[in-house]
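**Q** Got a structure here, written out as structure tokens. Questions coming.
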Amino acid sequence: MSGQFGVPATQLILYVVLVAWILIRVSRPQRISVTRMWIFVVLLMLLAAFAIYGSAVMFHPAAWEIVVAAVLGLVIGVPLGLLRGHHTQVSATERHGVMRLGASWITALIYLAAFGGRFAVRLVLPPTSALGNVVSDGLIFFAIGIIGATYYAVYRKYEQLDHATPASG
């Protein structure tokens with residue numbers, strides 16, 4: 001069963017759930033454990049992998065297209081994610097393993113723009129187009145790279161704060 005534009009209804013539902021989940025998570029500052037932070041990153045990566053797998057099953061791109069998309073997306077996304085993580089507000093809390101993160105609309109916009117861009121590319125280019133597959137999958141790998149690298153940088157900032165000893169005086 002397909003919705004408007006030939007997109008499967010399950011994929012549309014998945015996108016709506018993803019948008020709601022991300023917007024709720026990033027709309028306010030939050031306390032988060034290191035474990036939960038990594039679970040969130042892994043869930044986003046699994047969701048992205050599911051989208052790429054679904055695309056591969058449906059459109060049968062060549063393996064080289066997926067590899068090129070992955071390399072280009074990660075090469076561009078990881079440095080931007082590290083920069084984003086460097087500028088993310090992080091503070092330690094009284095509990096070990098728990099940090100406070102500032103609201104992060106930019107992270108949500110990046111992920112939503114990547115999925116929106118993927119959707120737009122799929123509308124404009126034919127499903128069997130090598131360029132379409134590389135660009136649309138590359139956008140997903142770009143988002144994965146940014147978010148993974150952002151949280152890695154956030155984790156490093158938290159670790160420095162958590163292990164810092166107060167100056168005596």
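The values are calculated or read from the model by the stated rules, or taken from the named source; none is laboratory data. Because the structure is predicted, anything quoted here is derived from the model rather than measured. As a convention, Cβ positions derive from the backbone with ideal geometry for all residues, glycine included, and neighbour counts pool all protein chains shown.
**Q** Could you tell me which residue of region 42-64 is surrounded by the most Cβ atoms within 10 Å (Cβ to Cβ), considering only residues that are without any contact (Cβ under 8 Å) to a residue 12 or more places away in the chain and farther than 12 Å from ILE140 by Cα?
**A** ALA56
**Q** Is region 47-69 home to any residue that is aromatic (Phe, Trp, Tyr) and more than 17 Å from the chain's Cα centre (by Cα)?
**A** Looking through region 47-69, at least one residue is aromatic (Phe, Trp, Tyr) and more than 17 Å from the chain's Cα centre (by Cα).
**Q** Could you check ASP137 against (1) closer than 26 Å to ILE24 by Cβ; (2) outside any loop (DSSP other than H, G, I, E, B) and say which number it fails?
**A** Only one criterion is unmet by ASP137, namely (1).
**Q** Which residue out of TYR152, TYR111, TYR158 is touching a Gly at 6+ places or on another chain (Cβ under 8 Å), surrounded by 14 or more Cβ atoms within 10 Å (Cβ to Cβ), in a helix (DSSP H, G or I) and aromatic (Phe, Trp, Tyr)?
**A** Matching residue, one of TYR152, TYR111, TYR158: TYR152.
**Q** Look at SER91 and say whether it is over 17 Å from the mean Cα position of the chain (by Cα), hydroxyl-bearing (Ser, Thr, Tyr) and under 22 Å from VAL135 (Cα atoms).
**A** When the stated conditions are applied, SER91 does not pass them.
**Q** State which residue pairs qualify: first residue touching a residue at least 60 places away in the same chain (Cβ under 8 Å) and surrounded by 13 or more Cβ atoms within 10 Å (Cβ to Cβ) and inside region 81-101, second residue part of a loop (DSSP other than H, G, I, E, B) and of a type outside the set (A, V, I, L, M) in any location, beta carbons under 7 Å apart, and separation of 6 or more residues or different chains.
**A** Qualifying pairs under 7 Å: THR88/GLY102; THR88/SER104; MET99/THR93; ARG100/PRO29; ARG100/THR93; LEU101/PRO29; LEU101/THR88; LEU101/GLN89.
**Q** Next up: When the residues of region 122-147 are narrowed to those that are among the polar types (S, T, N, Q) and either in contact with an Asp or Glu (Cβ under 8 Å, 6 or more places away or on another chain) or surrounded by 21 or more Cβ atoms within 10 Å (Cβ to Cβ) (or both), which ends up modelled with the highest pLDDT?
**A** Filtering first and then ranking leaves SER136.
**Q** Hey, another quick one. Would you please name the residue that is nearest to SER91 (Cα to Cα), looking only at residues in region 148-169 that are modelled with pLDDT of 85 or more and aliphatic (A, V, I, L, M)?
**A** Residue satisfying both the conditions and the ranking: LEU161.
Conditions (1) closer than 21 Å to ALA20 by Cα; (2) acidic (Asp, Glu); (3) without any contact (Cβ under 8 Å) to a residue 40 or more places away in the chain, marked per residue:
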| site | (1), (2), (3) |
| --- | --- |
| ILE110 | yes, no, yes |
| PRO126 | no, no, yes |
| PHE142 | yes, no, no |
| ALA149 | no, no, no |
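**Q** Continuing with the same structure: Return yes or no: is ILE32 within 18 Å of the chain's Cα centre (by Cα) and over 25 Å from SER136 (Cα atoms)?
**A** Considered against the rule, which asks whether it is within 18 Å of the chain's Cα centre (by Cα) and over 25 Å from SER136 (Cα atoms), ILE32 comes out as yes.
**Q** Identify, by number, the condition in (1) within 12 Å of the chain's Cα centre (by Cα); (2) without any contact (Cβ under 8 Å) to a residue 40 or more places away in the chain; (3) surrounded by 12 or more Cβ atoms within 10 Å (Cβ to Cβ) that LEU14 doesn't meet.
**A** Failing condition for LEU14: (1).
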